[in-house]
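Q: Got a structure for you, questions after.
Just so you know, all these numbers are worked out from the coordinates, no wet-lab data involved. Since we're looking at a predicted model, the values are computed, not measured. Reconstructed Cβ throughout: ideal geometry from the backbone, glycine too, with neighbour counts over all protein chains shown.
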Amino acid sequence: PGEGFIFARLKKEYKADEKKIMKDAFISAKEISDKIKEAVEKITNQKVIKGVYSANKDQMVEAMNMIDGMGQTSDNAQKSSGKEVAAKICTDFFNSVVKALGGDVAPLA
């Protein structure tokens, strides 16, 4: 906590309830990011700096299992490469987290 940030673009034409939904979703995403950071630091005894850390698979599983609601029940290892892979991985991860929390990942128009 303290050094991370997340941006949400709120259009002027959004209604008040839509703005609240967006703000709440991004606050929740930031909280999840902070929980992951804290768990990784605790398990690896490393300081996470600007979102960068290294850990082996077992450490990552242990760290994620420490977070309420994020316990591993199965795994599916995949490899990706090519242009814009990091952005797609981040987007897919964010969407899966929001879906798991019962949120709607469809963009607001």
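Q: Residue by residue through the stretch 65-70, which ³J(HN,Hα) values in whole Hz follow from phi under the Karplus form 6.51 cos²θ - 1.76 cosθ + 1.60 (θ = phi - 60°), with glycine and proline marked x?
A: My calculation for the stretch 65-70 gives 5, 6, 8, 4, x, 10 Hz in order.
Q: Shape of the stretch 14-55 from its Cα gyration tensor (a ≥ b ≥ c, root eigenvalues): rounded if a/c is under 1.5, otherwise prolate when a/b > b/c, or oblate?
A: Prolate.
Q: Further question on the same structure: Give me the distance in nm between label points sitting 7 Å out from Cα along the Cα-to-Cβ direction at Val85 and Asp68, one decimal.
A: 3.6
Q: By per-residue mean of other Cβ atoms within 10 Å, what is the highest-first order of 81-88, 35-42, 92-99, 8-15?
A: The packing order, highest mean first, is 35-42, 92-99, 8-15, 81-88.
Q: Obtain the nm distance between the two label points defined at Ala55 and Phe93 by a simple spin-label model: each point lies 7 Å from its Cα along the Cα-to-C-beta direction.
A: Simple spin-label model gives 1.1 nm for this pair.
Q: Please say if the stretch 1-99 is rounded, prolate or oblate, where rounded means a/c under 1.5 for a ≥ b ≥ c the square roots of the C-alpha gyration tensor eigenvalues, and otherwise the choice is prolate for a/b larger than b/c and oblate otherwise?
A: prolate
Q: For Lys57, give me every one of the lysines with a C-alpha distance below 19 angstrom, ignoring sequence neighbours fewer than eight places off in its own chain.
A: Partners found: Lys35, Lys37, Lys42, Lys47, Lys79.
Q: Still on this structure: Apply the Karplus curve 6.51 cos²θ - 1.76 cosθ + 1.60, θ = phi - 60°, to the phi angles in the stretch 18-32 and return the couplings in whole Hz, x for Gly and Pro.
A: For the stretch 18-32, the Karplus-derived couplings read 5, 4, 5, 4, 4, 4, 4, 5, 6, 5, 4, 4, 5, 5, 5 Hz, x marking Gly and Pro.
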